Amino acid sequence: MKVLVIGGTLFIGRRLVAELLKAGHSVAILHRRSKHNFSKRVENLVADRNDAATVRKAVGERRFDVVFDNVYDWDRGTNAAQVEATAHAMGSHIRRYIFLSSVAAYGDGLNHYESDPLAPDNHSEPYVRNKAMSERALLRLHRKSGFPVVTFRPPFVYGPENPFYREAFFWDRMRAGREIIVPGDGTRLMQFLHVKDLVQALMRAMEVDEAVGEAFNAANPKALTQVDAVREMARAAGKKPELIRVPRERIAAMGGNPMGGLMYFGEYLDLPPITENVSKLQRVLGVRLTAFETGLRETYRWYLRQPRRKCDFSFENRLMAAAGVRRAV
């Protein structure tokens, strides 16, 4: 099939392109760069996905069987109108339009099923409302015209080549003999998903007719507390972590930010919990999910092959000092 991947040069998209090529599909990517580092087998289309006119110009007269919409503009946001405009630009002949949403589209809450309501249009967080509104727009398009959309709602995606400072955040500290700061009591729940499982799900959505018009949660079935997640990462590295609990109020008062900057627990990994049920993913798409410990071991082997990162631990030192903790190392 002729496949367009919007994005395609990082993490999820890169792995998706590789698997599509391996399966014998004809692949093009659409992104803002003038070139890519794939082989010449991958056609390069240049456009700003937030600009419908440039998307239409880049696509031109090309016709694709499947479109994967994987890109969110973290600097400007990508809203529902922009996503819907991209969908319209692909024409009425496509077999699938597969949209990568997020568990964040639920807004908050635990053990969500796909039938649960998504966050409202006036949600305070732009990312949350953009993902929720984009899904609503695409699924409404399906109801009105039969547009063949499939949406996915993953939580924290991990694995080799992760551009977010998540698993490596903890392994850098363990490797340096550092304690790990745990915010609050460490019981906030999180779910993870190995990147290869997400790519498997995306590709299955190309093939399974029952997927059309459906949303899918995609995650490891078991949610973990923050403490349990750190211990699993330590086990993958053959380490025994020393955990230092610091109240979130103190972390926030000193400028800590889970979204970046003065990080203390891995990028985005200290947000209010949202978890989901994944039985539909397994039942309809037949996706076999990688055990967290297995995926972490693979990711750790990749991590060890990367150049060692230069880390600044000064903020964590200040946090521990303010909390009255004398560092053991």
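The values are calculated or read from the model by the stated rules, or taken from the named source; none is laboratory data. Quantities reported herein were computed from a predicted structural model and do not represent experimental measurements. Cβ coordinates were reconstructed from backbone atoms using ideal geometry, including for glycine residues, and neighbour counts include every protein chain displayed.
Structure notes:
- Sole exception among (1) crowded, with 21+ Cβ neighbours inside 10 Å; (2) at pLDDT below 95; (3) not aromatic (Phe, Trp, Tyr) for Pro163, by number: (1)
- Test result for Ala236, among the aliphatic types (A, V, I, L, M), under 23 Å from Ser102 (Cβ atoms) and touching a Ser or Thr at 6+ places or on another chain (Cβ under 8 Å): no
- When Leu271, Leu243, Leu296 are checked against the criterion of being touching a helix residue (DSSP H, G or I) at 6+ places or on another chain (Cβ under 6 Å) and either touching a residue at least 40 places away in the same chain (Cβ under 8 Å) or under 30 Å from Glu214 (Cβ atoms) (or both), a single residue qualifies: Leu296.
To keep it simple, each residue is scored yes or no on (1) in a loop (DSSP other than H, G, I, E, B); (2) under 24 Å from Arg143 (Cα atoms); (3) within 19 Å of the chain's Cα centre (by Cα).
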| site | (1), (2), (3) |
| --- | --- |
| Asp48 | yes, no, no |
| Ala53 | no, no, no |
| Ala58 | no, no, no |
| Arg62 | yes, no, no |
| Ala81 | no, yes, no |
| His93 | yes, yes, no |
| Ile98 | no, yes, yes |
| Leu110 | no, no, yes |
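- Selection of region 249-266 for residues being at pLDDT below 95 and either within 20 Å of Glu293 (Cα to Cα) or in contact with a strand residue (DSSP E or B) (Cβ under 6 Å, 6 or more places away or on another chain) (or both) yields only Gly266.
So that you can scan it fast, the table gives a plain yes or no per residue for (1) part of a loop (DSSP other than H, G, I, E, B); (2) touching a His at 6+ places or on another chain (Cβ under 7 Å); (3) without any contact (Cβ under 8 Å) to a residue 12 or more places away in the chain:
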| position | (1), (2), (3) |
| --- | --- |
| Asn122 | yes, no, yes |
| Asn130 | no, no, no |
| Lys144 | no, no, yes |
| Asp172 | no, no, no |
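- Considering residues of region 137-155 that are farther than 21 Å from Arg204 by Cβ and buried (at least 17 other Cβ atoms within 10 Å of the Cβ) only, the residue farthest from the chain's Cα centre (by Cα): Leu141
- Here Trp74 clears all of (1) surrounded by fewer than 22 Cβ atoms within 10 Å (Cβ to Cβ); (2) in contact (Cβ under 8 Å) with a residue 24 or more places away in the chain; (3) of a type in the set (A, V, I, L, M, F, W, C); (4) in a loop (DSSP other than H, G, I, E, B) except the condition numbered (2).
- Residue in region 8-22 that is out of contact with any Cys (no Cβ under 9 Å at 6 or more places or on another chain) and closer than 14 Å to Gly91 by Cβ present: no
- Note on region 219-234: among residues that are of a type in the set (A, V, I, L, M, F, W, C), crowded, with 19+ Cβ neighbours inside 10 Å and in contact with a strand residue (DSSP E or B) (Cβ under 7 Å, 6 or more places away or on another chain), the one that is nearest to Phe170 (Cα to Cα) is Val230.
- The lone exception for Val227 - which of (1) in contact (Cβ under 8 Å) with a residue 60 or more places away in the chain; (2) part of a helix (DSSP H, G or I) it fails: (1)
For (1) in contact with a Leu (Cβ under 6 Å, 6 or more places away or on another chain); (2) of a type in the set (Phe, Trp, Tyr); (3) over 23 Å from Pro247 (Cα atoms); (4) at pLDDT 95 or above, each residue gets a yes or a no:
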{"residue": "Trp171", "(1), (2), (3), (4)": "no, yes, no, yes"}
{"residue": "Arg175", "(1), (2), (3), (4)": "no, no, yes, yes"}
{"residue": "Val182", "(1), (2), (3), (4)": "yes, no, no, yes"}
{"residue": "Leu189", "(1), (2), (3), (4)": "no, no, no, yes"}
{"residue": "Leu193", "(1), (2), (3), (4)": "no, no, yes, yes"}
{"residue": "Lys196", "(1), (2), (3), (4)": "no, no, yes, yes"}
{"residue": "Val199", "(1), (2), (3), (4)": "yes, no, yes, yes"}
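- Which numbered condition Arg15 misses (of (1) touching a strand residue (DSSP E or B) at 6+ places or on another chain (Cβ under 9 Å); (2) surrounded by 15 or more Cβ atoms within 10 Å (Cβ to Cβ)): (1)
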